[in-house]
């Protein structure tokens, strides 16, 4: 089963934003977003991750977002964000994801109680993997968790038959390249830092899970095809002309608000609402992003 799941997750994957309308999740908009990114060429969906503002969803909303994603996925693989602060919470989220039809789960290290000893983090991951209702991918995001998944730990955990790979959002390409070097070829590595997506592909990654694929899925799909076909120059050009300028706006304004502003500029979302503590962009920032998005979209028409 795990081999079959892993074969489905390759290429560009979209960590979906969660659209809001007032105090509610906008499920109609979420369904339209799923159709938009799949039509743009992404191969998989990742709901309820960082970009999806998972920490701002209550339990009922969390389940409903997963249900809507699976419903509109039309057979595309779904890797559910299942980050939790304890083994029990993480397993409960994975059970929910399995119940609604997701294919795999994406877990972080616990992001409140941490361990100074990597052995503690390894024990947490093993406990989850041993009992999880789905195969799992590890999510390395030290900016949010407070510490990275140590490279040595990732290499050890790669031997677990229920752990299929890593999404690395550390922004540390040396770390990512070390995992490429030291883990088995069957262990999947996805670049989660948008500006490293194309370099990761050219170094031999299995793809990426990148916020901007919400806005410009065509660019991420085209870069993937170019890299997998051995056309490094075409992939590099997409990175420099299409991905990098928008990435800089995300760095400046925050990935969640900037991504939703980009979707609003494309007309995919009617509103770029985010939940506190995030805040929407001001008019000038929205205009900057809209101009960049317009240029990228024109290149794929």
Open item on the list: Among the residues of segment 166-197, what is the count of those that are in contact (Cβ under 8 Å) with a residue 40 or more places away in the chain and surrounded by fewer than 19 Cβ atoms within 10 Å (Cβ to Cβ)?
Closed with: 1
Open item on the list: Looking only at segment 125-152, count every residue that is crowded, with 19+ Cβ neighbours inside 10 Å, outside any loop (DSSP other than H, G, I, E, B) and touching a helix residue (DSSP H, G or I) at 6+ places or on another chain (Cβ under 6 Å) and tell me the total.
Closed with: 4
Open item on the list: Can you pull out every residue in segment 161-174 that is more than 18 Å from residue 50 (Cβ to Cβ) and in contact with a strand residue (DSSP E or B) (Cβ under 9 Å, 6 or more places away or on another chain)?
Closed with: 162, 163, 164, 173
Task: Residue under evaluation residue 248, criteria (1) surrounded by fewer than 21 Cβ atoms within 10 Å (Cβ to Cβ); (2) at pLDDT 95 or above, criterion not met - done: (2)
TODO: Answer with yes or no whether residue 47 is assigned to a loop (DSSP other than H, G, I, E, B), in contact (Cβ under 8 Å) with a residue 12 or more places away in the chain and buried (at least 24 other Cβ atoms within 10 Å of the Cβ).
DONE: yes
Open item on the list: Return the residues of segment 182-212 that are closer than 25 Å to residue 292 by Cα and part of a loop (DSSP other than H, G, I, E, B); say none if nothing qualifies.
Closed with: 192, 193, 210
Task: Candidates 217, 257, 199, filtered to the one that is modelled with pLDDT of 95 or more and over 26 Å from residue 33 (Cα atoms) - done: 199
- [ ] Would you be able to tell me the number of residues in segment 1-10 that are assigned to a helix (DSSP H, G or I) and either exposed (fewer than 14 other Cβ atoms within 10 Å of the Cβ) or at pLDDT 95 or above (or both)?
- [x] 3
Open item on the list: If I filter segment 220-234 down to residues being buried (at least 24 other Cβ atoms within 10 Å of the Cβ) and more than 16 Å from the chain's Cα centre (by Cα), which single residue comes out as farthest from residue 267 (Cα to Cα)?
Closed with: 227
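Sort out which residues of segment 11-30 are in a loop (DSSP other than H, G, I, E, B) and either crowded, with 21+ Cβ neighbours inside 10 Å or at pLDDT 95 or above (or both), and write them in order of number.
Once the filter is applied, which keeps residues that are in a loop (DSSP other than H, G, I, E, B) and either crowded, with 21+ Cβ neighbours inside 10 Å or at pLDDT 95 or above (or both), segment 11-30 yields 15, 16, 17, 18, 19, 26.
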Open item on the list: Among the residues that make up segment 265-285, is at least one of them assigned to a helix (DSSP H, G or I), touching a helix residue (DSSP H, G or I) at 6+ places or on another chain (Cβ under 7 Å), farther than 23 Å from residue 48 by Cα and modelled with pLDDT of 95 or more?
Closed with: yes
Open item on the list: Any residue at all in segment 155-171 that's in contact with a helix residue (DSSP H, G or I) (Cβ under 6 Å, 6 or more places away or on another chain), closer than 25 Å to residue 244 by Cβ and outside any strand (DSSP E or B)?
Closed with: yes
Open item on the list: Please pick out the residue among 120, 81 that is surrounded by fewer than 18 Cβ atoms within 10 Å (Cβ to Cβ) and either over 27 Å from residue 212 (Cα atoms) or touching a residue at least 12 places away in the same chain (Cβ under 8 Å) (or both).
Closed with: 120
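The values are calculated or read from the model by the stated rules, or taken from the named source; none is laboratory data. Note that the structure is a prediction, hence the values are computed from the model and not measured. Don't worry about glycine lacking a Cβ; one is built from the backbone with ideal geometry, like all the others, and counts go over all protein chains shown.
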